[in-house]
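A quick write-up on the structure given underneath.
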Amino acid sequence: MAKRLVIANWKMNGSLALADEMVAGFAAQSNVDVIVVPPAVFVSRLIERAQGSFEVGLQDVSQFDNGAHTGDVSASMAADLGATAAIVGHSERRDEHGESDAVIAAKALKALAAGLMPVICVGESLAERESHQAEARVRAQIEAQIDCLALSGDIAIAYEPLWAIGTGKSASAAEAVAMLKEIRKVLREVAADRADQIRILYGGSVNGENIAGLFSHEEIQGVLVGGASLDTEQFAAIIRAAEKAGPV
Ligand code: 13P
């Protein structure tokens, strides 16, 4: 049995005040792993103030170790601060920064090598879903991570259909579960010996209202929460729902 994993992705939002509010309002639950992922500039503040009550991650890490890469942050720098996870391959980075599957695979490897848990995001666009390409797209995104999947170290996969991100229109639990089952199947094909240890999360318009329905399915082992994670009360409600739903 694994604890459900609840991850807050603040994206380019938040402030020192929100970081402090998150710490003050946080109530740990024994059966839930929580990772808060603020913009990189707030990571050390959260780590210092959270004192281990929740973990802190990065929204991205470089595919390089160090050097002339202005604006980038390396996985080892993040680990040095005490961060424990790094989101890689978020669709916003794929779209806005042109990140390919190969670049994302290199980033995931750097995260693992530094001892961070890569949270590898996959998901299809609306056009891909409507043209029945969703499963093939997600399969290709996972197969691109084969080197990372062959290594030991904690990894999570987050299924985030692009049409559900920031739209207020979550995938239905049935749609999410169907894709999560498909992802598990692909993992068993490409990484048979560890496929069942990898937690698979859903992300896309998760909030305090739809969370109980999502967590009523054992396939949804966690959630990656964007907008609702900026509201400390709503985020706390999502964590409580994970506790109530129990480990999977
Ligand atoms: P929203 O929860 O705002 O839809 O964002 C989802 C997401 O992209 C989390 O990484």
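Nothing in this text is a laboratory measurement; each read-out follows from the coordinates by a stated rule. Note that the structure is predicted; figures quoted are calculated from it, not measured. All Cβ positions, glycine included, derive from the backbone under ideal geometry; neighbour counts span all protein chains shown.
Under 5 Å between amide hydrogens, built in the peptide plane, is the criterion, and for Met117 it picks out Ala85, Ala86 among residues at least 5 positions away or on other chains.
Here the label points at Ala28 and Ala68, each 7 Å from Cα along the C-beta direction, are separated by 4.6 nm in the simple model. Helical runs (DSSP H, four residues minimum) scored at -39500 (n - 2.57) apiece and divided by the length of the chain put the mean residue ellipticity at 222 nm at -11500 deg cm²/dmol. Result for the chain in a Gaussian network model with C-alpha springs under 10 Å: among Val88, Val23, Val36, the largest mean-square fluctuation is at Val23. Projected label points at Glu21 and Ala174, each 7 Å from Cα along the beta carbon direction, are separated by 3.8 nanometres. Could you work out how far the C-alpha centroid of segment 52-110 sits from that of segment 190-214, in angstrom? When both Cα centres are located, 21 Å separates them. Assuming charge only on the beta carbon of Lys and Arg (+1) and of Asp and Glu (-1), the dipole of the chain about its Cα centre is about 360 debye to the nearest 20. Normalised by the number of residues in segment 173-248, the mean separation of alpha-carbon contacts (under 8 Å, six or more apart) gives a relative contact order of 30 percent.
Selection among His69, Phe42, Leu18 by position relative to the dipole of segment 1-72 gives Leu18 as farthest towards the positive end (Cβ unit charges, Cα centre). First measure r as the distance between the Cβ atoms of Ser53 and Asp101, then evaluate 1/(1 + (r/R0)^6) with R0 = 45 Å and state the FRET efficiency to the nearest 0.05. The value I calculate is 0.80. Once backbone amide H atoms are built at 1.01 Å from N, Val223 has Leu5, Val6, Ile7, Tyr202 as its partners under 5 Å, excluding neighbours fewer than 5 places away on the same chain. Dipole magnitude for segment 1-131: about 340 debye, using +1 per Lys or Arg Cβ and -1 per Asp or Glu Cβ, origin at the Cα centre.
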